[in-house]
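First comes the structure, then the notes that go with it.
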Amino acid sequence: MQKESFSYDNKIVRNFAAATAIWGVVGMLVGVIIASQLFEPYLNFNTRYISFGRLRPLHTNAIIFAFVGNAIFMGVYYSLQRLMKTRMYSDTLSKIHFWGWQLIIVSAAITLPLGITTSKEYAELEWPIDIAIALIWVVFGWNMFGTIYKRREKHLYVAIWFYIATFVTVAMLHIVNSFALPIGLFKSYSAFAGVQDALVQWWYGHNAVAFFLTTPFLGLMYYFMPKMANRPIYSYKLSILHFWSLIFLYIWAGPHHLLYTSLPGWAQNLGVVFSIMLIAPSWGGMLNGLLTLRGAWDKVRDDAILKFMVVGLTAYGMATFEGPMLSLKNVNAIAHFTDWIVAHVHIGALGWNGLLTFAVLYYIVPRIYETNIYSKKAINVHFWLATMGILFYAIPMYFSGFTQGLMWKEFTADGMLRYPNFLETTLQVLPMHMLRAFGGLLYLTGACLMVWNLWKTAKSGKLVPNEAAEAYPLVKEEPGEVQVAYWHRWIERRPTQLLIFSFIAVAIGGVVEFIPTFLVESNVKTIPSVVPYSPLELEGRDIYIREGCNNCHSQQVRPFRSETVRYGEYSKAGENVYDHPFLWGSKRTGPDLARAGNTSSKMYKDAEWHYRHMKDPRSTSPGSIMPAYPWLIEEDGDYSKITDKITVMRKLGVPYEQGYEKLAKEDLDEQALQIATYLLEAKGIKVAKEKEIIAVIAYLHKLGRDINVKQTTTN
Amino acid sequence: MKYKLPFLITGIWSTTYSYGQAAEVATSGFSTSLLWIFYVVLGLLLLITFTLYLVTKELKRFVLNKNETEETKMWDSRSSWEKVFQLKPVGTDTDTLINEPHDGIYELDNPPPPWFMFLFYGCIVIAAIYFVRFNVTDYGYTQEDEYIAEVQAAEVKQLANLVKEDQTIDENNVVESIELADIEAGKMVYIQNCKVCHDEGGKGNTGPNLTDEYWKHGGETKAIFKTIKYGVIEKGMRAWGDDLSPKKIQQVISYIITLRGTNPPGAKAPEGDKWVPEISAAQDSTIAMTNAPSR
């Protein structure tokens, strides 16, 4: 049999590598900026486009989809061709994939600062971009499967199982979570409401971590670790065990983001137990990686690239142990909503994704440029900058998380909150925020050093766009001829079946959790006194979403005495039935607002307070780190779409009467006039009823107002 | 007694703060010392089992493997890390390479380390027990149960504290206190609850100035008591009657009275009607005295 000659497409790998490096630096820079805003709120220079609520989604999207996303594609395009002994299926699809993805990133970088957002975490991009993402993702899958189908290798290596699972699961998550009805090009309302929206969102959010930040990187680890160490993979059986158990179990664990909320208890418990079961499958990946280094640990001493891999894998192991611990309800009761969670995700992002990406970049770039790395010393310096950066980031944030979480819960001997003023607990942790920003800066400096080093490396060599290779063609075997060495070899020869079985494994968890929550009425008990938003409140809510208030303020009072005393009656599922999308939030940089409109709550503030607070938060709350929102006071709201908004909400099941959309504008004006008149007559503050602040006040005064407290406390 | 065992096993999760309250109720009167005895006995049993295992293993080696082979030497020369992680010696596993390499990458046929499999199945068992306990049996509790237990426990404690206070104070009979201790306690109440709106030293912010002679809802002690207890919701003053005991309200009024006429810098402009207290000479001097150390 003759060997066939072909070539690997290195240019597409180079392009994704360059995009990874550039977007990485951009994403981390935005991270350092918002980290600094969390102790020096003036750092947005009172500019709306770079205020925290709008930049934070930009940071997360840039890191997840631009930095890590491009890194995935770089690694997949490099390893897939070599593992399948063939060129990518289509150069055109590769190009569409590359440029399409960059265009999506650019459109995200434009729309998010403009306040065009759905508010759903890591899925903030509006519906036209969502459609583009789905299309480009299909192009990626098409190209990948095309390559697999014309392979010259019989069996699919474990890395490719992970790539396939990534492809099918991310497609499923993205499509389901993006269901929404549009109002014009730049706005949409989620198809799901309240508790159900929360469940879908965290099914997505949790598994975006699982199938965008974890499985593809495990695939990369399985290819690059043995390559870098020149050692065999420790255990083939372990890779089978942890692959299938990981993808099957991960999908169920989403509800652990909603512990002690109004999500039904059985769903919360599912989230807890599946998180516990995830420890071993997650560690399987770390073990197989670290044990692959057996007999090669001496190399780690000299090779900084392997150091990145080892620390990255260790960070993965730590984060995946910590995750299940945070999913225990009693740990979660303290950790949730605090900086602890921020520390946890950054162990994953900076440690696992960041360090692995750096290692892969250092591995690939000299090879495709046929040269040696420009400075080995710089890699070593980068390694220490990155590691110190992670420590300076994580340790202060853990400290801050414990401190604030415990301060929120502390009572005095006579039953009063020790720190009734939320701000007091914020001021306590500000020094930790400063250290965290310093840690981020160290990490960013390291990344810049890497960009310089890679640039110099590329300069010293020449890109080999089409790398020559040869391999024997694949011979079609007769059915009886196949010797099955191990049962799992069967599916490794069948990419289609592997795709189907992966899909079944990841679909089960979602189906079991969603159907009862959507269909069984007792899971979301209705409360008769809860009424839909008035048109002005709805517009105020959309401004709240636009400014990203939910990035710092939760709207979910958990059933703890420390929270009901601070905020008021704990949240009930029936209160959010008209919330498309839900706005529970996941972090309390500021206090919870679920009861901001309930006059029996300590959180209730009158219109004047809100007016002055939005204009200059420091005037009402000295030392506050909330950014000022002067534009809400200066600018008129654009309420031209209120008719459509009411109609769309009705289509989604909100009981506005037929024809109400025609009266909506009138109602809106009337309610706005009432608030403006109150401000003028009772407080002497002159503000026109058209200003956005009026709508925001109306919305805040609607929050948590409708519940009948006297009745529910005894239930 | 019948449900004690599952409780003990899952009791690992029941020991900390939030669960603790509810667990107390769920097991009603189950003594913690018994729990500790159980854990100690359990630990001892585990220790004995492990020792037995080691002894018999050595015995087996002694009986069967008198002659050291090349392989037993390799097993013995493993590093302590390798022993802890129950790994085969490097070199014994190379003959279990799986045949075809992928782009030069070989895979070994090592089984997952035994402790890993223990972790894997152990987590599944724990998860199953957890889920059955909280969703199938009656021994679980919901987060609403936990909340009720937490609030009840706090109420009992608070009641015990309240009994020590004067319960007879209300808006009809309240008189400000001139005891230094009361004024200091009132200052603490003020800082925790009132300062957000009325600012440092009562100079006023979103809430009115409390240091001047102008009052929106009356400056008399009884009137202030009423304002604090019931609030003036439409003007932005919330009701504090559910949060502050009558004694606490009296104390904070006593503190506020000491602020009168202090004229702090940056004070808010007067609001409401002028009201001047009729102060007896005796009271006047006491207030002046208590005023000094409190600031």
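The numbers here are math on the coordinates, done by the rules we state, and not lab data. Treat the numbers as computed from the prediction; the structure is a model and nothing was measured. No Cβ is skipped: glycine too gets one built from the backbone with ideal geometry, and neighbour counts run over all protein chains shown.
If R0 is taken as 22 Å, the Cβ-Cβ distance between A:S529 and A:Y678 corresponds to a FRET efficiency of 0.40. Rounded, prolate or oblate: pick one for the range A:530-614, where a ≥ b ≥ c are the square roots of the eigenvalues of its C-alpha gyration tensor, a/c under 1.5 means rounded, and failing that, prolate if a/b is larger than b/c, else oblate. Rounded shape, in that the Cα axes give a/c under 1.5.
The per residue volume of the convex hull around the alpha-carbon atoms of the range A:170-230 is 87 Å³.
Given the Cα atoms of the range A:535-714, and with Rh set as the inverse mean 1/r over their pairs in the Kirkwood sense, what is Rg to Rh to two decimals?
On the way: Rg = 16.3 Å, Rh = 17.0 Å.
My calculation of the ratio gives 0.96.
Calculated on the Cα set of the range B:180-294, radius of gyration then Dmax: 13.2, 38 Å.
Sorted from fewest to most neighbouring beta carbons within 10 Å, what does the list B:S177, A:S178, A:S529, A:S5 look like? Don't skip to the end; give the middle numbers.
On the way: B:S177 20, A:S178 23, A:S529 12, A:S5 9.
Going from least to most buried by this count: A:S5, A:S529, B:S177, A:S178.
One Cα centroid belongs to the range A:1-26, the other to the range A:136-211; the line between them spans 23 Å.
Treating only the Cβ of Lys, Arg, Asp and Glu as charged (+1, +1, -1, -1), what charge dipole size does chain A show about its Cα centre? Round to the nearest 20 debye. Don't skip to the answer; put the middle values down first.
Working: 65 positive and 54 negative charges, 432 e Å.
For chain A, the charge dipole is close to 2080 debye.
Working note: 222 nm ellipticity from helices only, DSSP H runs with n ≥ 4, each -39,500 (n - 2.57), summed and divided by the residues of the protein assembly as shown, gives -19000 deg cm²/dmol to the nearest 500.
Label zone of B:S77 (point 7 Å out along Cα→Cβ, amide N under 15 Å): in the range A:289-332 this covers A:295. Within the range B:237-280, the ratio Rg/Rh, alpha carbon atoms throughout and Rh by Kirkwood, equals 1.02.
Is the range A:119-270 best put as rounded, prolate or oblate by its Cα gyration tensor, with a ≥ b ≥ c the root eigenvalues, rounded for a/c under 1.5, and otherwise prolate when a/b is larger than b/c, oblate when not? Could the numbers behind the result be given before it?
Values: a/c = 2.95, a/b = 1.52, b/c = 1.94.
In terms of gyration-tensor shape, oblate.
Three principal axis extents of the range A:250-339 based on alpha-carbon atoms, in descending order, are 53, 25, 17 Å.
Starting from one equal scatterer on each C-alpha and no solvent at all, send me the Debye-based log10 I(q)/I(0) for the range B:130-244 at q = 0.09, 0.11, 0.12 Å⁻¹, two decimals. Result of the Debye calculation: -0.40, -0.54, -0.61. Once a ≥ b ≥ c are taken as the square roots of the eigenvalues of the Cα gyration tensor of chain A, is the result rounded (a/c under 1.5), prolate (a/b larger than b/c) or oblate (a/b not larger than b/c)? Judged from the Cα gyration tensor, chain A comes out prolate (a/c at least 1.5, a/b above b/c).
Each residue, B:K235 and B:K164, gets one label point 7 Å from its Cα in the Cβ direction; the gap between the two is 3.5 nm.
Filter the cross-link list A:K615/A:K683; A:K602/A:K691; A:K307/A:K462; A:K409/B:K157; A:K11/A:K85 down to pairs whose alpha-carbon distance in this structure exceeds 21 Å. Walk me through the intermediate numbers first.
Numbers: A:K615/A:K683 15 Å; A:K602/A:K691 27 Å; A:K307/A:K462 27 Å; A:K409/B:K157 16 Å; A:K11/A:K85 17 Å.
Distance filter (> 21 Å) returns A:K602/A:K691; A:K307/A:K462.
Close amide H partners of A:F411, meaning residues 5 or more places away or on another chain with modelled amide H under 5 Å apart, are A:R418. FRET efficiency for the A:E634 to A:T412 pair, using the beta carbon distance and R₀ = 51 Å, is estimated at 0.75.
If you take every DSSP beta bridge whose two residues both sit in the protein assembly as shown, what share of them, in percent to the nearest 5, is antiparallel?
Details: 17 of 19 bridges.
Restricted to the protein assembly as shown, the bridges split so that about 90 percent are antiparallel.
Normalising by the residue count of the range B:180-294, find the relative contact order in percent from Cα pairs under 8 Å and 6+ residues apart. Across the range B:180-294, relative contact order equals 36 percent.
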